[in-house]
Amino acid sequence: MFLQRELKKLVPKLLTAFLQQGQLDMEGALTARDRVGIQDFVLLEETTEAAFISNLKKRYSKDLIYTYIGTLLVSVNPYKELDIYNKKQMDTYMGVNFFELPPHIYALADNAYHTMLTEFNNHFILISGESGAGKTEASKKILQFYSVSCPSTTLMSTVRDKMLMSNPVLEAFGNAKTLKNNNSSRFGKYMDIQFDSQGDAVGGHILNYLLEKSRVVHQNHGERNFHIFYQLVEGASDSLLQQLGLERDCQHYNYLTQGECATVPSINDKNDWKSVKNALQVIEFDEVNTKVVASVLHLGNNKTFFDTQQRQKFLDFPQQLLGVDAHSLQEELTFRKIEAKQEQVLSPFTTDHAIYGRDALAKAIYGQTFTWLVHRINESTENKKTVIGLLDIYGFEVFYVNSFEQFCINYCNEKLQQLFIQLTLKAEQDEYEAEGIEWEPVQFFNNKIICDLVEEKHRGIISLLDEECLRPGDVTDLTFLERLEEKMGTHPHFVTHRLADKTTRRTLERGDFRLLHYAGEVTYCVVGNNPLMCQSKNAIVSECFSNMDRGNKRRPETVATQFKSSLMKLTEMLMAKQAWYIRCLKSNESKQPGQFDEALIRHQVKYLGLMEHLRVRRAGFAYRRKYEDFLKRYKPLCPATWPHWRGFPSDGVEVLVQHLGYLPDEYKMGRTKIFIRHPRTLYATEDAYERCKHELATRLQAKYKGYKCILISSATKIESCWRGTQARKEREKREWAIKVIKKFINGYLNRGEAKTTDNSEYLAFVRQSYLNRLRGNLPKTVLDKTTWLTPPSVVKEVILRKLHYRLMVRKYVRGLTPQRKAQLQLKLVTSTIFKGNKDSYPQSVPQPFLDTRISKQSATSGLSVSVIKYDRNGFKPRPRQLILTQTAAYLIDESKVKQRLVYASLKGISVSNLTDGIIVLHISSEDPKQKGDLVIQCDHLYEFLTKLCVIANKQSAVRIVQGSIKIEIQAGKESAVDFSTGQEAMVYKAKNGHLMVVSEVSAVK
């Protein structure tokens, strides 16, 4: 029965496992393609934009926000929490092949990590998309995955904590609320996560690009300044605000109220300030100088440039916070310095110029502080090793009014799109070349013409902007536009109001120019360096501006040129790494879950170049798979390969595809992979595999049912034999039990008789039971005479009890130390003399005897004890010290010997039977040096008399009397010591001339 039950459990599990085999593979999801869409866009039958968006919508409706285009990951923002980022999900995707599980950001992060470890080269993950598409969240998920999946030590955990906690700090200083996103990154960020050869995350490095500094001084309606300003005002303590000269009201600051939305219900600036402070502690920042942030707010409130009194009032806090000279700061904000040969001429600003200069200073301070902040984070985490880079960059932006920032952002996206296509084509070509497959040229839009339009030397827009800035004379925005028209009037991707035809001209203002980017048309509107900060006494401000060359007379590079240079360096750096891509899409503008705006999605698909990437991936073969994986999945479709193929995998695949009827132009055999050209070929194979699985399952079920019948018949025979064996054993056991019970009853009935064969076992059982009970209840001490178990009548034990007590005595004696043994010997002498004779003896038993009862400094050899000696005439009490030696006792007063009592002259010792401490030492009158009997009172009577008796050998000389003791005062003259009881103990001379000793009644009782 056991075997049958186990088989019933096991076989259905095996059958289910077979039916589910491969369901986690990418191909396993093809059977559900009509319901949840295709997991990889490369496998779409039609590579049209409509089919692309339809597949996205189908997956989005089922909360499947991730889809692949080859190794590129497309992510659609769901605007709600999904339970797909927990620890269980991380464990599922660790160490798994890229296509073995459904698309997920963890799959991409894990494969980038393991490829880096295997090939020991550098990688980067490019995350792009427009504001609000989820780029920052994607980078956070990757960092969280690495923090869990990488090997962990205390040092590694510290590094990971620093990298994770750098995000809140950078978001506070670099993110802001915009119309599209409440936490929009207003800077580009490239982070290198640095790993050692064992795969441990050991450091990180951050590069920042094009911080939107204009937001510091101006915000559009419905937008806010950078988060840190509001967090400081709302969350800082009252003492800090007072120190910075700030008030807890954002409405008081010009730089915080231009967007008219200083307070946002979904943003808790007070709690965010606490998070930022905690993050700063983790990444080991002593303190970010809040003075710099506060100085920017104070500068924004300064509008009275030429009123000396008001100006001084508004500049008082900025100059203190920045640590600069007040006069120099006023001069920089109100005068222009003109250098002529070796002279400087100060020309006063107009109000407009002064406001512009103030805003330029505020932007410069904040921009340099942000750069310093990134540098400090790098110092805290950097450790040069193999890296995986995370590039979180702003996506292509098209607004109603597009300014210089949008021009730089879109130029950056043009370069990244160019890099994207180049690296994708190169990866495809490399794979085809490695597999020995002929490369087929791919038709795609090459946006190099647009990149050259912006960045070409001497002819590009950036070069013309630099030239216009350097040109002497009256230079305005319109003269720059005229210059562009002159140089680029014939360019097919450039148009202005003057160059456009009548239809296009209606959509352009006179100060606009339009570029035709790869993602579509964008219309752009064309309508400082501060040496004072180098002298700042504020450590952060001084460090931020310390790298400026104040002695350099060359005109500094324009922002556009600086951005172009940094972008070129970024491109070179990325070209040296292996690329992975994440494209983030917004599902709707209202940030509502479940809404899929097809027009918005179509626009993003276009400007992210997803169709271009899909066409590149689909240019040759839509599907490629290693021979081993392909054969492992589809081998049931061919009798020659099922169930096991014994030859090379490539030969097995060739046999398999020939059996399936693949046409020569539908596939190619590479060195390690099979390439399939059309998705329909793969779908037909997958459908055949599904049918084959059901056929195999039917066969397996039939075999199982037949096998089950055999098992049932066999199990029945085994069960009958087993039952017979168990029944015979049970009978034998019962017969044995009957014999034992009979013998036990007979023994009980004959227990009182002499030992015979009938009762011997019973008597032995009773004896053994008694001994077992006695073993657990033996007396623990020699004095315990009552707990010994009474033996049964049939058991006689005498010697056992004696042996146990002798054993306890022996153990006790062997455990005695010499000191303890000497104590007990003295106590035995005391007991012999006083036990039952003197009332206070029981209280003295637990008190140990000491070598001396006076201070160790004055102690001598022998017992030393304090006593009270009563004079023979008048019984006057006198305190004395009594010292016992081996030959005599000495009565001493302040180191002077008052009396020496030789033991030989001691003829007797008398004490009362009460609780007093009076001792009478009877001294022989034959000794002329002695004056009579000695009466003393001692608190340690038993200890003194015991040691005196032992030393002088006078045990027989001690007398315990009742009533009174006669004493000899001198030869021929006697007196007495009388004893009685009373309410209070006292010693005094009675009227009859005797010494009266009263013992307390309660003490006697």
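Applying the criterion of being among the aromatic types (F, W, Y) and over 23 Å from N410 (Cβ atoms) to the residues of the range 157-213, the residue that is modelled with the lowest pLDDT is F195.
Condition (residue is closer than 23 Å to E431 by Cα, in contact with an Asp or Glu (Cβ under 8 Å, 6 or more places away or on another chain) and surrounded by 14 or more Cβ atoms within 10 Å (Cβ to Cβ)) applied to the range 653-660: is it met by at least one residue? Taking every residue of the range 653-660 in turn, none turns out to be closer than 23 Å to E431 by Cα, in contact with an Asp or Glu (Cβ under 8 Å, 6 or more places away or on another chain) and surrounded by 14 or more Cβ atoms within 10 Å (Cβ to Cβ).
Might you let me know whether the range 906-916 holds any residue that is open to solvent by 40 Å² or more (accessible area, probe 1.4 Å), in a strand (DSSP E or B) and assigned by the TED database to the domain that holds P877? Yes, there is a match, as at least one residue in the range 906-916 is open to solvent by 40 Å² or more (accessible area, probe 1.4 Å), in a strand (DSSP E or B) and assigned by the TED database to the domain that holds P877.
Exactly one residue out of T115, T136, T178 is surrounded by fewer than 20 Cβ atoms within 10 Å (Cβ to Cβ) and among the hydroxyl-bearing types (S, T, Y), and it is T115.
If you go through the range 747-770 and keep only what is open to solvent by 70 Å² or more (accessible area, probe 1.4 Å) and part of a helix (DSSP H, G or I), you end up with Y748, L749, E761, F765, R767, Q768.
Annotation: of all residues in the range 592-633 being modelled with pLDDT under 85 and either in a loop (DSSP other than H, G, I, E, B) or hydroxyl-bearing (S, T, Y) (or both), the one that is surrounded by the fewest Cβ atoms within 10 Å (Cβ to Cβ) is A619. Could you tell me which of the residues G489, G460 is out of contact with any strand residue (DSSP E or B) (no Cβ under 6 Å at 6 or more places or on another chain), surrounded by 14 or more Cβ atoms within 10 Å (Cβ to Cβ) and not aliphatic (A, V, I, L, M)? Result of the check over G489, G460: G460. Here's a check for you: in the range 971-994, which residue that is within 19 Å of I919 (Cβ to Cβ) and open to solvent by 90 Å² or more (accessible area, probe 1.4 Å) is nearest to the chain's Cα centre (by Cα)? Top of the filtered list is Y988. Inspect all residues belonging to the range 573-590 and state whether any of them is in contact with a Lys or Arg (Cβ under 7 Å, 6 or more places away or on another chain) and within 24 Å of H114 (Cβ to Cβ). Yes, the conditions are met somewhere in the range 573-590. For the range 81-98, the criterion of being within 30 Å of F399 (Cα to Cα), outside the structural domain of Q418 (by the TED database), part of a loop (DSSP other than H, G, I, E, B) and under 28 Å from the mean Cα position of the chain (by Cα) is satisfied by at least one residue.
Only one of the numbered conditions (1) under 17 Å from L608 (Cβ atoms); (2) touching a strand residue (DSSP E or B) at 6+ places or on another chain (Cβ under 6 Å); (3) open to solvent by less than 10 Å² (accessible area, probe 1.4 Å) is violated by H104, and that is (1). When you scan the range 296-315, do you find a residue that is surrounded by 13 or more Cβ atoms within 10 Å (Cβ to Cβ), more than 27 Å from T351 (Cα to Cα) and either at pLDDT 75 or above or small (G, A, S) (or both), even just one? Scanning the range 296-315, I find no residue that is surrounded by 13 or more Cβ atoms within 10 Å (Cβ to Cβ), more than 27 Å from T351 (Cα to Cα) and either at pLDDT 75 or above or small (G, A, S) (or both), so the answer is no. Specify the residue that is nearest to G188 (Cα to Cα); the eligible residues are those in the range 117-143 that are polar (S, T, N, Q) and in contact with a Leu (Cβ under 7 Å, 6 or more places away or on another chain). Checking each candidate, the answer is S128. With respect to the numbered conditions (1) charged (D, E, K, R); (2) open to solvent by 20 Å² or more (accessible area, probe 1.4 Å); (3) modelled with pLDDT of 85 or more, which one is the sole condition not fulfilled by D286? Evaluating D286 over (1) charged (D, E, K, R); (2) open to solvent by 20 Å² or more (accessible area, probe 1.4 Å); (3) modelled with pLDDT of 85 or more leaves (3) as the failure. Could you tell me whether the range 675-682 includes any residue that is in a helix (DSSP H, G or I), of a type in the set (V, I, T) and more than 30 Å from K426 (Cα to Cα)? No: zero hits.
Within the range 771-789, being assigned to a helix (DSSP H, G or I) and either open to solvent by 30 Å² or more (accessible area, probe 1.4 Å) or within 24 Å of V740 (Cβ to Cβ) (or both) holds for L771, N772, R773, R775. Counting only residues that are aliphatic (A, V, I, L, M), part of a strand (DSSP E or B) and either open to solvent by 10 Å² or more (accessible area, probe 1.4 Å) or in the same structural domain as F420 (by the TED database) (or both), the range 570-591 holds 1 of them. Look at the range 954-967: where a residue is assigned by the TED database to the domain that holds F979 and a partner is of a type outside the set (D, E, K, R) and open to solvent by 40 Å² or more (accessible area, probe 1.4 Å), sitting 6+ places away or on another chain with Cβ atoms under 9 Å, you get Q955/T832; I960/N837; S964/H994. Does any residue of the range 206-221 turn out to be in contact with a helix residue (DSSP H, G or I) (Cβ under 8 Å, 6 or more places away or on another chain), of a type in the set (A, V, I, L, M) and open to solvent by 50 Å² or more (accessible area, probe 1.4 Å)? So far as the range 206-221 goes, yes, one or more of its residues are in contact with a helix residue (DSSP H, G or I) (Cβ under 8 Å, 6 or more places away or on another chain), of a type in the set (A, V, I, L, M) and open to solvent by 50 Å² or more (accessible area, probe 1.4 Å).
Among the candidates V829, V809, V798, the residue that is more than 60 Å from the chain's Cα centre (by Cα), surrounded by 14 or more Cβ atoms within 10 Å (Cβ to Cβ) and of a type outside the set (D, E, K, R) is uniquely V829.
Listed by first and then second residue, the pairs with beta-carbon distance under 8 Å, at least 6 apart or on different chains, first residue in the range 699-721 and under 20 Å from P643 (Cα atoms), second not small (G, A, S), are L700/L15; L700/F18; Q701/L15; Y704/V11; Y704/L15. Here I919 does not fit the description of being aliphatic (A, V, I, L, M), part of a strand (DSSP E or B), over 21 Å from S844 (Cβ atoms) and in the same structural domain as Q955 (by the TED database). Would you confirm whether any residue within the range 923-936 is open to solvent by 20 Å² or more (accessible area, probe 1.4 Å), in a strand (DSSP E or B) and small (G, A, S)? So far as the range 923-936 goes, no, none of its residues is open to solvent by 20 Å² or more (accessible area, probe 1.4 Å), in a strand (DSSP E or B) and small (G, A, S).
Somewhere in the range 354-371, is a residue modelled with pLDDT under 80 and either open to solvent by less than 10 Å² (accessible area, probe 1.4 Å) or outside any helix (DSSP H, G or I) (or both)? Checked the range 354-371: at least one residue is modelled with pLDDT under 80 and either open to solvent by less than 10 Å² (accessible area, probe 1.4 Å) or outside any helix (DSSP H, G or I) (or both).
Looking at K291, is it among the basic types (K, R), assigned to a helix (DSSP H, G or I), open to solvent by 50 Å² or more (accessible area, probe 1.4 Å) and at pLDDT 85 or above? Spelling it out, it is not the case that K291 is among the basic types (K, R), assigned to a helix (DSSP H, G or I), open to solvent by 50 Å² or more (accessible area, probe 1.4 Å) and at pLDDT 85 or above.
The values are calculated or read from the model by the stated rules, or taken from the named source; none is laboratory data. These figures come from a predicted structure and were not determined experimentally. Quick reminder, even Gly has a Cβ in these numbers, built from the backbone with ideal geometry, and neighbours come from all protein chains shown. Surface accessibility is based on the protein's heavy atoms, side chains included, excluding ligands, DNA and RNA. Shrake-Rupley method; radii C 1.70, N 1.55, O 1.52, S 1.80 Å.
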